[in-house]
Amino acid sequence: AKQVAPGSHVFFSQEMADEIQDRLRISNDLQQALANNELDLYFQPQQQVADNKPVGMEALLRWIPPGKKTIPPSVFIPVAEETSLICDIGNWVLQQACACFQRWQHSSLPLGNLSVNISARHFHSPDFIARLTVLMQQYPGCRHNLTLEVTEGVFLENLTESRSRMAHIKALGVNLSIDDFGTGYSSFAYLRELPVDELKLDRSFIQYIDQRPQDKAIIACLLDLARTLGMSVVAEGVETEQQLATLAELNCPAYQGYLRAHPMSEADLIAWLEKH
Ligand code: C2E
Ligand code: CA
Ligand code: CA
Ligand code: CA
């Protein structure tokens, strides 16, 4: 907490008060939304760069209050992350995503791999591994087909604890991916010590890959690093044919982005996969 000198006054501006009010309201509404089934999972396909073959999909959360506009996760996830609400939401997402995936496995659709985002607080929660264990028993079809996406921040505070958690997760047949890779201002030394299967190259590097030689050089370098370490790579946020061509030139294995597919409902995903 901030140190306040004796005798000084702390002023809260109206703006700060409004901000706190907003967060409280979102948090309360979100709790209700979870109970009232107002949350929904969308899925964004991932494809091979070389031939556009589908290789998987990322589950992305949507909040659709009845009669209102969809609220994007960038608004409510950060609020949920301030409390254990993110664990309830994360568990709901995991359960829902695995149920969908196992259902789809009855079809002959080219599913590939299912990716789910996991917040740091959820990852480090005491019953995370136990719950994941139960989930894999409940949905055995997801074993070896489920990838957890975590950001670098997850294991920066406690590397030893993270390493043991990751080993447990791997032992359950669940894969691990580093999301938004390269944006976390961290050294890459942790990659030596952690059982990471995949790197997701952040959209901020892809966005100007054809305008900024520096960005292209960084991508080339990260791809080399992943190859050397035996990790797969997904480039995020591919929006133009030119970006995709450049990723092909650099031998990037996989991508996702608005160019070929936006996040979509389960029904739309099935229709999309049927065409591919
Ligand atoms: P993220 O994990 O980095 O997900 C990628 C975001 O980029 C998604 O935004 C996706 O819709 C968007 N995106 C995909 N392709 C493109 C593109 O070509 N151009 C642009 N401009 N954007 C693209 P979305 O769905 O709004 O999610 C935002 C963030 O919210 C996610 O970023 C993730 O950090 C978080 N999030 C979403 N769902 C969940 C969830 O179930 N659990 C947790 N913990 N976080 C989630
Ligand atoms: Ca992600
Ligand atoms: Ca990402
Ligand atoms: Ca991102």
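The values are calculated or read from the model by the stated rules, or taken from the named source; none is laboratory data. These numbers come from a predicted model, not from an experiment. Cβ coordinates were reconstructed from backbone atoms using ideal geometry, including for glycine residues, and neighbour counts include every protein chain displayed.
The rows are residues; the columns are (1) aliphatic (A, V, I, L, M); (2) modelled with pLDDT of 95 or more; (3) within 16 Å of ligand 2 (Cβ to nearest atom).
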position: I129; (1), (2), (3): yes, yes, no
position: Y139; (1), (2), (3): no, yes, no
position: N175; (1), (2), (3): no, yes, yes
position: L191; (1), (2), (3): yes, no, no
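Only helices (runs of 4 or more DSSP H) whose full extent lies in the range 173-276 are considered here, and the ones with at least 2 residues that are within 24 Å of N52 (Cβ to Cβ) are 203-206, 213-229, 241-249, 266-274.
So that you can scan it fast, the table gives a plain yes or no per residue for (1) small (G, A, S); (2) more than 10 Å from ligand 1 (Cβ to nearest atom); (3) farther than 26 Å from A167 by Cβ; (4) not in a helix (DSSP H, G or I):
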{"position": "D51", "(1), (2), (3), (4)": "no, yes, yes, yes"}
{"position": "K68", "(1), (2), (3), (4)": "no, yes, yes, yes"}
{"position": "I77", "(1), (2), (3), (4)": "no, no, yes, no"}
{"position": "I86", "(1), (2), (3), (4)": "no, no, no, no"}
{"position": "H106", "(1), (2), (3), (4)": "no, yes, yes, yes"}
{"position": "S115", "(1), (2), (3), (4)": "yes, no, no, yes"}
{"position": "I129", "(1), (2), (3), (4)": "no, yes, no, no"}
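Only residues that are acidic (D, E), closer than 15 Å to T151 by Cα and more than 16 Å from ligand 2 (Cβ to nearest atom) were counted in the range 193-206, giving 0. Exactly one residue among D224, D215, D202 is touching a Phe, Trp or Tyr at 6+ places or on another chain (Cβ under 8 Å), free of Cβ contacts under 8 Å to residues at least 12 places away in the same chain and charged (D, E, K, R), and that residue is D215.
Selection over the range 36-56 of residues that are surrounded by 14 or more Cβ atoms within 10 Å (Cβ to Cβ) and either out of contact with any strand residue (DSSP E or B) (no Cβ under 7 Å at 6 or more places or on another chain) or closer than 30 Å to A245 by Cβ (or both) gives a count of 11.
Is it the case that L244 is within 15 Å of ligand 1 (Cβ to nearest atom), within 19 Å of the chain's Cα centre (by Cα) and aliphatic (A, V, I, L, M)? I'd like the intermediate steps shown before the answer.
Values: within 15 Å of ligand 1 (Cβ to nearest atom): yes; within 19 Å of the chain's Cα centre (by Cα): no; aliphatic (A, V, I, L, M): yes.
Against the criterion (within 15 Å of ligand 1 (Cβ to nearest atom), within 19 Å of the chain's Cα centre (by Cα) and aliphatic (A, V, I, L, M)), L244 does not qualify.
Of all positions in the range 21-38, none carries a residue that is assigned to a strand (DSSP E or B) and away from ligand 3 (no atom under 16 Å from the Cβ).
Note down all Cβ pairs under 9 Å where the first residue falls in the range 36-64 and is under 30 Å from V79 (Cα atoms), the second is part of a loop (DSSP other than H, G, I, E, B) and β-branched (V, I, T), and they're at least six residues apart or on different chains. Close Cβ pairs satisfying both conditions: E38/I64; L39/I64; D40/I64; D40/T70; R62/T70; W63/T70; I64/T70. Residue-level check: of (1) in contact with an Asp or Glu (Cβ under 7 Å, 6 or more places away or on another chain); (2) at pLDDT 95 or above, Q96 misses just (1). Of all residues being within 16 Å of ligand 2 (Cβ to nearest atom) and surrounded by fewer than 16 Cβ atoms within 10 Å (Cβ to Cβ) in the range 207-266, which is farthest from N113 (Cα to Cα)? Just the residue, please. My answer is Y258. When we screen A33, A59 for residues that are crowded, with 16+ Cβ neighbours inside 10 Å and within 21 Å of E274 (Cβ to Cβ), the only hit is A59. Cβ-Cβ distances below 9 Å connect the following pairs, each with a first residue in the range 246-272 that is of a type in the set (D, E), a second residue that is assigned to a strand (DSSP E or B), and a separation of six or more residues or different chains: E266/D40; E266/L41; E266/Y42; E266/F43; D268/Y42; D268/F43.
The residues of the range 145-162 that are more than 16 Å from ligand 1 (Cβ to nearest atom) and either closer than 14 Å to L201 by Cα or more than 19 Å from the chain's Cα centre (by Cα) (or both), listed by number, are E157, N158, L159, T160, E161. Out of I118, I86, which single residue is over 23 Å from D197 (Cα atoms), modelled with pLDDT of 95 or more and within 16 Å of ligand 2 (Cβ to nearest atom)? Exactly one of I118, I86 is over 23 Å from D197 (Cα atoms), modelled with pLDDT of 95 or more and within 16 Å of ligand 2 (Cβ to nearest atom), namely I86. Out of all the residues in the range 144-156, is one or more in contact (Cβ under 8 Å) with a residue 60 or more places away in the chain and either surrounded by fewer than 16 Cβ atoms within 10 Å (Cβ to Cβ) or among the β-branched types (V, I, T) (or both)? Scanning the range 144-156, I find at least one residue that is in contact (Cβ under 8 Å) with a residue 60 or more places away in the chain and either surrounded by fewer than 16 Cβ atoms within 10 Å (Cβ to Cβ) or among the β-branched types (V, I, T) (or both), so the answer is yes.
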